[in-house]
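Student: Let me give you the structure first, and then I'll get to my questions.
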Amino acid sequence: MTIFVTGGAGFIGSQFIRDWVSAHPGDTVINYDKLTYAANLENLAGLADAPGYQLVRGDVCDPEAVHAAMPEGCDVVVHFAAESHVDRSILSATEFVRANVLGTQVMLDVARARKAGRFLHISTDEVGGDIPEPRAFKEGDPLEPSSPYAASKTAAEHLVNAAVRTFGIDAIVTRTSNNYGPYQFPEKLLPLAISNMMADRPVPVYGDGLQVRDWIHVADNCAALRLVIAKGRTGETYHIGGRNPRTNREVLGLLLDILGKPASLLTQVTDRLGHDRRYAVDCTKIENELGWTRTISFEDGLRATVRWYQENTGWVARAKSGEYREYYEKQYGMQHGTMAR
Ligand code: NAD
Ligand code: DAU
């Protein structure tokens, strides 16, 4: 089988590729990635000798480059590539529209021209917007994105569904809740909090910290994606969640306990603009229809994740250098590595 993955050098894409290559060593896996700030080839270092694995550096907005990289008749396209961080989309949205919206249309066009098989589009529970208690977000509910990031992901989903209806392509959309696990870029809450706590640095808590997110281990998410590729129905959308809603303060409290650090590290900062209060994805459909279920409990997953960051301080330090520092200082108005604020 030949599988074409976009964004495979990022957090979820690299987990997906590592898992796929280990389960199907005879397959050809092409990782097409622009290698933006969020990419990290260290995440794929173990694949250097895998015979079927290839990395192609390229932009999903460049149709000729995607066309050249995608083999005619490839079996599966998994489209992860995107600008993925909400705060960055608030600082500047243009690249989100380009990469996430235009990039998805280019991928659809090229997949059709190259007669690719199944097209799996990776979307997010954020397209549903704020979900007030006690509602859960179901696949057929209206889409009400709040941030420029979520709006760009919503537009991309519409383009995928339009291609299914208009051209009959074999596409499926998945919407996952907040992933956590190893190799996540430390701009996101969990790796940022773990690495700051490890260094006794303040952890920025947006607003009152009572926003609710549903957390799923990245390996559970990737198992669900493999199942959707194998058994999902064309034109359908599947929600993937951890059935694990937590306030940010609750999650940070667990991390403090695991690391044995004081609560005084939690530092309230100005809230995110337009901050969604609650996400609550209903994943009954994938459970009932495809028999998927989460296997990693949050407590176990969190402990293993903390251990990974403790054992990989070099990875964290390299990820937190360069452009990251500039971004961090702009975002929080405090120098990275100081106790200001
Ligand atoms: P990430 O930011 O860690 O990685 C994104 C990858 O895409 C990087 O390797 C980057 O180089 C690549 N990329 C970005 N723009 C590109 C372009 N124009 N052309 C080619 N490659 C490009 O993201 P992630 O957290 O791994 O998320 C992957 C996907 O899953 C995204 O589509 C995101 O919207 C979605 N998602 C993420 C989460 C989460 O919790 N992280 C949850 C739900 C959905
Ligand atoms: O829900 C799925 C989404 O999860 C994905 O689509 C996105 O790609 C991914 O980035 C993630 O978005 P969030 O905005 O939920 O994740 P983030 O890690 O940025 O923030 C999680 C929560 O923690 C959110 O309520 C904001 C808050 N936060 C975040 C950071 C970085 C803080 O309080 N302090 C922080 O320093």
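Student: Among (1) in contact (Cβ under 8 Å) with a residue 12 or more places away in the chain; (2) among the hydroxyl-bearing types (Ser, Thr, Tyr); (3) open to solvent by 50 Å² or more (accessible area, probe 1.4 Å), where does SER264 come up short?
Tutor: Unmet condition: (1).
Student: Let me ask something additional. Taking only the range 164-194 into account, find how many residues are assigned to a helix (DSSP H, G or I) and open to solvent by 10 Å² or more (accessible area, probe 1.4 Å).
Tutor: Adding up the residues that qualify gives 5.
Student: If I filter the range 220-239 down to residues being among the β-branched types (Val, Ile, Thr) and part of a helix (DSSP H, G or I), which single residue comes out as nearest to ligand 2 (Cβ to nearest atom)?
Tutor: VAL228
Student: If you check ARG249 against the conditions, is it at positive phi, surrounded by 13 or more Cβ atoms within 10 Å (Cβ to Cβ), modelled with pLDDT of 95 or more and out of contact with any helix residue (DSSP H, G or I) (no Cβ under 7 Å at 6 or more places or on another chain)?
Tutor: Answer is no for this residue.
Student: Which of the following residues is of a type in the set (A, V, I, L, M), within 25 Å of ARG294 (Cβ to Cβ) and in contact with a helix residue (DSSP H, G or I) (Cβ under 8 Å, 6 or more places away or on another chain): ALA156, ALA163, ALA150?
Tutor: On the way: ALA156 fails: within 25 Å of ARG294 (Cβ to Cβ); ALA163 fails: within 25 Å of ARG294 (Cβ to Cβ).
The match here is ALA150.
Student: Moving on to the next point. Does GLY242 satisfy the criteria of being farther than 30 Å from ALA116 by Cα, within 14 Å of ligand 2 (Cβ to nearest atom) and surrounded by 23 or more Cβ atoms within 10 Å (Cβ to Cβ)?
Tutor: Taking the combined requirement at face value, the residue satisfies it.
Student: Report, by residue number, each residue of the range 276-317 that is within 22 Å of GLU187 (Cα to Cα) and either within 15 Å of ligand 1 (Cβ to nearest atom) or among the aromatic types (Phe, Trp, Tyr) (or both).
Tutor: If the condition is that a residue be within 22 Å of GLU187 (Cα to Cα) and either within 15 Å of ligand 1 (Cβ to nearest atom) or among the aromatic types (Phe, Trp, Tyr) (or both), then ASP276, TYR279, PHE298, GLY301, LEU302, THR305, TRP308, TYR309, TRP315, VAL316 are the ones that fit.
Student: While we're here: I'd like the full set of residues that are within 28 Å of ASP19 (Cβ to Cβ), among the aromatic types (Phe, Trp, Tyr) and within 11 Å of ligand 2 (Cβ to nearest atom), limited to the range 160-219.
Tutor: Of everything in the range 160-219, those that are within 28 Å of ASP19 (Cβ to Cβ), among the aromatic types (Phe, Trp, Tyr) and within 11 Å of ligand 2 (Cβ to nearest atom) turn out to be TYR180, PHE185, TRP215.
Student: While we're looking at this one, here's another question. Picking from ARG278, ARG272, ARG307, which residue would you name as being open to solvent by 70 Å² or more (accessible area, probe 1.4 Å) and of a type outside the set (Ser, Thr, Tyr)?
Tutor: ARG307
Student: Continuing with the same structure: I need the full set of residues from the range 1-23 which are hydrophobic (A, V, I, L, M, F, W, C) and either more than 8 Å from ligand 1 (Cβ to nearest atom) or open to solvent by 10 Å² or more (accessible area, probe 1.4 Å) (or both), in order please. Talk me through it step by step, then tell me what you get.
Tutor: Pass one, the range 1-23, residues hydrophobic (A, V, I, L, M, F, W, C): 1, 3-5, 9, 11-12, 16-17, 20-21, 23.
If the condition is that a residue be hydrophobic (A, V, I, L, M, F, W, C) and either more than 8 Å from ligand 1 (Cβ to nearest atom) or open to solvent by 10 Å² or more (accessible area, probe 1.4 Å) (or both), then MET1, ILE3, PHE4, VAL5, PHE11, ILE12, PHE16, ILE17, TRP20, VAL21, ALA23 are the ones that fit.
Student: A follow-up question, please. Condition first: within 14 Å of ligand 1 (Cβ to nearest atom) and within 30 Å of ARG246 (Cα to Cα). Can you find one or more residues in the range 128-141 that meet it?
Tutor: Yes, the conditions are met somewhere in the range 128-141.
Student: While we're on this one: Looking at TYR149, is it closer than 30 Å to VAL251 by Cα, within 12 Å of ligand 1 (Cβ to nearest atom), open to solvent by 10 Å² or more (accessible area, probe 1.4 Å) and in contact with a strand residue (DSSP E or B) (Cβ under 9 Å, 6 or more places away or on another chain)?
Tutor: Numbers: closer than 30 Å to VAL251 by Cα: yes; within 12 Å of ligand 1 (Cβ to nearest atom): yes; open to solvent by 10 Å² or more (accessible area, probe 1.4 Å): yes; in contact with a strand residue (DSSP E or B) (Cβ under 9 Å, 6 or more places away or on another chain): yes.
When the stated conditions are applied, TYR149 passes them.
Student: Tell me which residues, restricted to the range 24-42, are surrounded by 19 or more Cβ atoms within 10 Å (Cβ to Cβ) and within 23 Å of LEU227 (Cα to Cα).
Tutor: VAL29, ILE30, ASN31, TYR32
Student: Going by the conditions given, is ASN179 more than 21 Å from ILE216 (Cβ to Cβ) and of a type in the set (S, T, N, Q)?
Tutor: Values: more than 21 Å from ILE216 (Cβ to Cβ): no; of a type in the set (S, T, N, Q): yes.
No: the conditions fail for ASN179.
The values are calculated or read from the model by the stated rules, or taken from the named source; none is laboratory data. Just so it is clear, the structure is predicted and the values come from calculations on it, not from any experiment. In this analysis, Cβ positions are derived from the backbone assuming ideal geometry, glycine residues included, and neighbour counts consider all displayed protein chains. Each accessible area value is taken on the protein alone, full model and side chains, heavy atoms only, with ligands, DNA and RNA left out. Shrake-Rupley method; radii C 1.70, N 1.55, O 1.52, S 1.80 Å.
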